[in-house]
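One structure below.
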Amino acid sequence: MKQPPRAQNAQPPKPDVPELPKEVDLSTNRGKADLQKDLQAMGITPGDGVNPLLQTPSPTTPAPAPAPAPTDPVPQEQEMAPATPLPEEKYPKWLLELIPFLPEGCTPDMVLEFKNRYNAVYFVELPSGNYLYRPIMRPEHRNIVGADGITRELIEERIVCLCTLYPVLTPLDLRDGAKGTRAGTGSTLCNTILESSDFGTVNVQPVKL
């Protein structure tokens, strides 16, 4: 039995191969939509997450940076207060030597103020206490002694009350013994003031400041 002749250039039959889907262009919105339809047809539903083939990733909010750890504040240089001058630097030597003998309540600054105001200021130590005084001026002396009906006692009281700088004395202090005064305190102080003003001489030795 003869076999049928083969056809020349005949090719064997090709197996059945499913046709491949067309290439999807991801650069266009149409390609993305087609791919989404194909996935839905296959029963695949894109989730809520980002699909790099179907969606453009949404920008994510960066996590907040951790707060910096608290650091100790840098100590600032504090302005130094000026140092309080020592008595040796603030007062002259003669005043430093006088401080232990000043009347109670009188300060070195008060003595300097008296010096600035009257220039000539004296210190005297009596049995009744210590006193600061100034000389009397000639017009002051003339007004006191030239008053009508003036007595020696009134002259002494007015001179002492006018020229004694510390403690401050009144005629009542001299008469009643207030502030430690004695019977002769007014007369002794008056003579001391007059001597420092170049009127006569007395026994006490005042110290000029």
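The numbers here are math on the coordinates, done by the rules we state, and not lab data. In this text, all values refer to a predicted model and were calculated from it rather than measured experimentally. Because the Cβ atoms are built from the backbone with ideal geometry, glycine has one as well, and the counts that use them run over all protein chains shown.
Brief remarks on what is shown
- Net +/- balance of residues flanking residue 162 in space, Cβ distance below 12 Å, scoring K and R +1, D and E -1: -1
- Using θ = phi - 60° and Karplus 6.51 cos²θ - 1.76 cosθ + 1.60, couplings along segment 114-127 (whole Hz; Gly, Pro as x): 4, 5, 5, 7, 10, 6, 8, 10, 10, 10, 9, 10, 10, x
- Taking a point 7 Å from the Cα of residue 207 along the Cα-to-Cβ direction, the residues of segment 159-174 with backbone N closer than 19 Å to it are 164-167.
- Residue by residue, segment 89-101 carries 3J(HN,Hα) couplings of 8, 8, 10, x, 4, 4, 6, 4, 6, 8, 3, x, 10 Hz when phi is fed to the Karplus relation 6.51 cos²θ - 1.76 cosθ + 1.60 (θ = phi - 60°); x denotes Gly or Pro.
- FRET E, pair residue 140, residue 172, Förster distance 22 Å, beta-carbon r, rounded to 0.05: 0.55
- Using the Cβ-Cβ distance between residue 150 and residue 107 with R0 = 22 Å, the FRET efficiency computed as 1/(1 + (r/R0)^6) comes to roughly 0.05.
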